[in-house]
Amino acid sequence: MSFIQVENLSFRYDQTRTIIEDLSLSLEKGRNLGIVGESGSGKTTLLRLLLGLAQPSAGSISIDGQVLDTKNWQFMRDFRRRVQAVFQDPYSSLDPRQAIFDIVAEPLRALKIDVDVAKAVAEAATAVGLPADAAQRYPHEFSGGQRQRIAIARAIVARPDLVLADEVVSALDLSTRILIVDLLKALSTSVTFVVVSHDIALVALLCPDIAIMEKGRIVESGPTEHVLSNPVHPYTRRLLASTPRLP
Amino acid sequence: MSLTPADTPQPTAISVRRKIPLSLIVGGLIVGLHLLAGILTILWTPYEPTAMVGGRLAEPSIAHWAGTDRLGRDLFTQILIGARIALEVGSGAVLVGAGIGITLGTLAAFATRTLDDVFAAAFDILIAFPTLLVAMLIVTASQTASLFTAVLAIGIAGSAIIARLTRILVKRVLSMDYIVAARVAGSSWPSIVFVHVLPNIWPTLIVNLALQFGLAAMAESSLSYLGLGAPPPNASWGRLLQEAQGTVYTAPFGAIAPGLALVTLVIGMNLLADGLRAFADPTRRRSR
């Protein structure tokens, strides 16, 4: 049984605007999955569905065999503990009026997780490489890369099984991207990531498995190496051809 | 999992210090002075406010700092009491207005699209009516003119402005990623409102509440001027102005003194508001 199982998932705003159509995928613990697609391919909507922030029009998402039920308060509490997320824009994903300590501690407090909050926050901050005095400072005192580290610390502080990462490096400059990718790679030993991105190179670095999305469907999926060296679907080929390469 | 990233700033590179803005000090002093005067009148006044203690329309002197009115009552005493009434009505009206306005504005921001549109239209229509007109209607409808009806009337009249502002501010905060992050972190909607929404909107809100305070003090004076505020012998600044109107050319100080008191209170509130906002905003703290 897969850790996350998505079956025949659909999402539409009304009869005409279908964002996700009959999408199925599965995810194993310990094997990062990259979901690649262009803007408008439905990546972010899929992520919202996976986070239980939106209701699917059809199909289901299950975690360890249990169907994701956003109306079941107790189930959602357990689900939130196991599934966390990092967002694209580190400037708007941190509350400017909260000290870093409170930002990172939010999942622990909200989910009433019975741990030493100060210790858990300090551990998460160390794990993402934040300076020791960060806790009492505010987001505006940090650079984009540092802010993304704070967001990652918040995502891992409750020790989830899965972290969904939505375009986590696209708002950062190139040298910072490399540091964040290295960090995610280091963290992959204890957390499974679903990396959603338009950047194939990033996904290739982090994820052994890849799924290519086009217009709300997965058109090709499998081991990353295999898909990239031998793309079958024309959309994958086009996507690969349009990826700019650094010399 | 220990990393030493290159973009880690030195821990001592930035230290943060809260600098108290000048406007906060000046505004606080002015409002504090009014507050002190108001509180003082509960315990002590230079003269009995209704006692005829001097000549009619006397010039300011050592005995009567602001002169006397046409009945020979001490004006300075009445201005001190006026400060108390202005502060009572101002704070009462702001409390009423903020209570109604913030609640309705937040509800509107969370409501479905149709309901939100109805709320927004209602706020806009209410704002289109002059505050004073609404207040007059409420005072007239309640058939009595007292401090309490003045507070209620000015508060309700001002609540639409606060509601509209709150709605816009809350909607802006709700669209931020940190709200989604809070939901993913497991926070409930009530805790999101108190932990993320209100702290992020209050700096803007407080400026407007202080502004409303000044406007409420002015509205109270206007209502009293029209005879719809605190009934005599309550020494409201508005009533003092109205009484001084007939003799403004022969004894101008009777109008200047309460006018000055009102203007300084409003300026003080505005300065205080601006200073508070600057002080509360972490992004405006000076780093050195």
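The values are calculated or read from the model by the stated rules, or taken from the named source; none is laboratory data. Keep in mind the model is a prediction, meaning the values are calculated, not measured. Cβ coordinates were reconstructed from backbone atoms using ideal geometry, including for glycine residues, and neighbour counts include every protein chain displayed.
Listing for the model above:
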| read-out | value |
| --- | --- |
| Residue match in the range A:218-237 (condition: out of contact with any helix residue (DSSP H, G or I) (no Cβ under 9 Å at 6 or more places or on another chain), of a type in the set (D, E, K, R), surrounded by fewer than 22 Cβ atoms within 10 Å (Cβ to Cβ) and under 25 Å from A:GLN88 (Cα atoms)) | no |
| Among the candidates A:SER26, A:SER10, A:SER57, A:SER39, residue that is within 18 Å of A:ARG217 (Cβ to Cβ) and exposed (fewer than 15 other Cβ atoms within 10 Å of the Cβ) | A:SER39 |
| Residue in the range B:110-129 that is touching a residue at least 60 places away in the same chain (Cβ under 8 Å), among the hydrophobic types (A, V, I, L, M, F, W, C) and in contact with a Ser or Thr (Cβ under 9 Å, 6 or more places away or on another chain) present | no |
| Residues of the range A:67-88 satisfying the condition of being under 16 Å from A:ALA165 (Cβ atoms) and surrounded by fewer than 19 Cβ atoms within 10 Å (Cβ to Cβ) | A:ARG82 |
| Breaking point among (1) closer than 22 Å to A:ILE152 by Cβ; (2) surrounded by fewer than 21 Cβ atoms within 10 Å (Cβ to Cβ); (3) not polar (S, T, N, Q), for A:LEU33 | (2) |
| Unique match (being buried (at least 16 other Cβ atoms within 10 Å of the Cβ) and not in a helix (DSSP H, G or I)) among B:ALA216, B:ALA251, B:ALA273, B:ALA261 | B:ALA251 |
| From A:ILE212, A:ILE156, A:ILE150, A:ILE200, residue being crowded, with 18+ Cβ neighbours inside 10 Å, touching a strand residue (DSSP E or B) at 6+ places or on another chain (Cβ under 6 Å) and modelled with pLDDT of 90 or more | A:ILE212 |
| Conditions (1) farther than 16 Å from B:ILE154 by Cα; (2) away from chain A (no Cβ under 14 Å); (3) in contact (Cβ under 8 Å) with a residue 12 or more places away in the chain: number failed by B:VAL248 | (3) |
| Set A:SER242, A:SER188: member being more than 15 Å from the chain's Cα centre (by Cα) and either small (Gly, Ala, Ser) or at pLDDT below 90 (or both) | A:SER242 |
| Which numbered condition A:ARG82 fails, given (1) in contact with an Asp or Glu (Cβ under 6 Å, 6 or more places away or on another chain); (2) within 24 Å of A:ALA201 (Cα to Cα) | (2) |
| Tally of residues being touching an Asp or Glu at 6+ places or on another chain (Cβ under 8 Å) and surrounded by fewer than 19 Cβ atoms within 10 Å (Cβ to Cβ) across the range B:55-83 | 3 |
| Candidates A:VAL83, A:VAL115 - the one that is among the β-branched types (Val, Ile, Thr) and more than 11 Å from chain B (Cβ to nearest Cβ) | A:VAL115 |
| A:PRO96 being assigned to a loop (DSSP other than H, G, I, E, B), out of contact with any Asp or Glu (no Cβ under 6 Å at 6 or more places or on another chain), buried (at least 16 other Cβ atoms within 10 Å of the Cβ) and more than 7 Å from every other protein chain (Cβ to nearest Cβ) | no |
| In the range A:52-75, residue farthest from the other protein chains (Cβ to nearest Cβ) [restricted to those that are of a type outside the set (S, T, N, Q) and in a strand (DSSP E or B)] | A:ALA58 |
| Any pair with Cβ under 6 angstrom, 6 or more apart, that starts in the range A:28-51 at a residue that is outside any loop (DSSP other than H, G, I, E, B) and ends at one that is of a type in the set (Lys, Arg) | A:ILE35/A:LYS43 |
| One residue from A:PRO90, A:PRO107, A:PRO139, A:PRO56 being touching a Pro at 6+ places or on another chain (Cβ under 7 Å) and not basic (Lys, Arg) | A:PRO139 |
| Matching option when the condition is part of a helix (DSSP H, G or I), under 27 Å from A:ILE63 (Cα atoms), more than 8 Å from every other protein chain (Cβ to nearest Cβ) and in contact with a helix residue (DSSP H, G or I) (Cβ under 8 Å, 6 or more places away or on another chain), among A:ILE152, A:ILE180 | A:ILE152 |
| Looking only at the range B:35-54, and only at residues there that are in a helix (DSSP H, G or I) and surrounded by fewer than 18 Cβ atoms within 10 Å (Cβ to Cβ), the one that is farthest from the chain's Cα centre (by Cα) | B:LEU43 |
